[in-house]
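What follows is a structure written as C-alpha cells; I'll ask about it next.
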Amino acid sequence: MAGKSSPFLPLPRAAIAFSPEFLDFSRGIRVGNLEDNERVTRLLKIGLEHRFQQPFVTERWGRGVFWQWIGYLPRANRAAKPLSSHVSFGCAKYFVAVNVDEKVFQCGMQVERGYLQPPEEYPACALGPDWDWHRLVRALRSAGPLTEEFKRLVMREGFRVFAGSWDGSAVRFSRSRPPDFAKLRKALRQAPGNHWAGLQVYYPMRSSEVERCSGVDLIEAMLAIFGEVTPAMNLCMQIQLQPA
C-alpha cells in the first residue's frame with residue numbers, strides 16, 4: 001500500500017522520496033539540491049530520533065553537493081563528557097559512507113581515536129581522557145560482550161571491521177577473514193599517533209545491490225543496520241540507547 005507507514009520512520013512510505021541514485025559511487029552521497037524528504041541526512045535523523053526519542057547530532061565529511069561520510073551521535077552522550085562535550089570526535093556514532101575507491105556503500109558504527117600528536121592547527125582533535133575510545137579499547141581486551149557482538153555481526157550478519165589508521169596501517173576483518181582480536185587490539189594500539197585512527201563496523205553494499213533497492217527500502221535498511229550495531233555502541237558510550 002502506497003500510504004502504509006514505514007516501520008522505522010513516522011512517515012508514510014509514499015512521503016519518502018530518497019532515490020538509490022543519490023548514493024553515487026564516483027562522487028559520494030548526494031545531499032545538495034534536494035527536498036527534505038529526499039535527503040538521507042534528514043530521513044535518518046528523523047528515524048533515529050523517532051526510535052530513541054532523543055536528539056541526535058549530524059556530522060559530515062565532504063563539501064558541496066556530495067559528501068563522502070555522514071555520522072549521527074546521541075546529543076546526550078556528547079553532553080555527558082566532562083571535558084569534551086564541545087566536540088563530537090569523542091563519541092561513538094552511527095555512520096553512512098560511500099567509499100569511492102572500493103565502490104562500496106558502508107553503513108554501521110564508528111569510534112574514533114583522533115590524534116595522539118595532533119597538528120598545531122587542530123588541537124581539539126587530540127584524544128581526550130573522556131572519549132568513548134577508551135571504553136572500546138577496555139572492552140576489547142578480553143572475551144566479553146563487545147567481542148561477542150563483533151563476532152555476531154561479522155560471522156552471522158556479514159558485517160566488516162576496519163581498525164587502525166585511515167592513512168593505511170589498518171586491519172580488516174570479514175566473514176571470509178574472521179576477527180582476530182589480538183590483531184585487532186594490536187592495530188588499535190599501534191596506529192601512528194600523528195595519524196587519524198579509529199574503528200568501524202559496517203555492512204557493505206555494492207552498487208549492484210543498491211540499484212536493486214527502492215529508495216524507501218534503502219532508508220529502512222540503513223536504520224535496520226543501525227539497530228544491529230546499537231548493542232555494540234551501547235558498550236562504548238556513557239549513555240544507553242533503548243528503543244522507545
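Just so you know, all these numbers are worked out from the coordinates, no wet-lab data involved. Note that the structure is a prediction, hence the values are computed from the model and not measured. Here the Cβ is made from the backbone with ideal geometry for all residues, glycine too, and neighbour counts use every protein chain on show.
On a full-extension model of 0.36 nm per residue, what is the gain between ARG175 and GLU102, subtracting their alpha-carbon distance, rounded to one decimal in nm?
Additional length available on full extension: 24.5 nm.
Taking only Cα atoms of segment 108-222, what ratio of Rg to Rh do you get with Rh as the Kirkwood inverse-distance radius?
When Rh is taken as the Kirkwood radius, the ratio is 1.03.
In nm, to one decimal, how far is the modelled label at GLN54 from the one at ASP217, with both set 7 Å along Cα→Cβ?
It is 3.4 nm.
A further question follows. Would you compute, from DSSP H runs of 4+ residues alone, the mean residue ellipticity of the chain at 222 nm, taking -39500 (n - 2.57) per run and dividing by the full residue count, rounded to the nearest 500?
Rounded to the nearest 500, the figure is -8000 deg cm²/dmol.
For CYS125, project a label point 7 Å along Cα to C-beta. Then give me every residue of segment 170-197 with its amide nitrogen under 20 Å of that point.
Inside the label zone: 170-171, 188-197.
Filter the chain for me: DSSP H helices, axial length by Cα at least 20 angstrom, mean Kyte-Doolittle hydropathy not below 0.5. List them by residue number.
Long hydrophobic helices here: 215-234.
Length gain on complete extension for the stretch ARG152 to ASP36, per 0.36 nm per residue less the alpha carbon to alpha carbon distance?
Full-extension gain reported as 38.2 nm.
Identify which of GLN53, GLN106, GLN68 has the largest mean-square fluctuation in a Gaussian network model of the chain, with springs joining Cα atoms closer than 10 Å.
Among GLN53, GLN106, GLN68, the largest GNM mean-square fluctuation belongs to GLN53.
Another one. How would segment 43-117 be classified by its alpha-carbon gyration tensor: rounded, prolate or oblate, with rounded meaning a/c under 1.5 and the a/b versus b/c comparison settling the rest?
Because a/c hits 1.5 or more and a/b fails to exceed b/c, segment 43-117 counts as oblate.
At what distance in nm do the modelled label points of SER85 and ARG185 sit from each other, each positioned 7 Å from its Cα along Cα→Cβ?
Here the modelled spin labels are 3.4 nm apart.
Taking only the Cα atoms of the chain, how large is their convex hull per residue, in Å³?
128
While we're here: Using label points projected 7 Å from each Cα along Cα→Cβ, tell me how many nm separate LEU116 and ASP167, to one decimal.
The two pseudo-label positions are separated by 1.3 nm.
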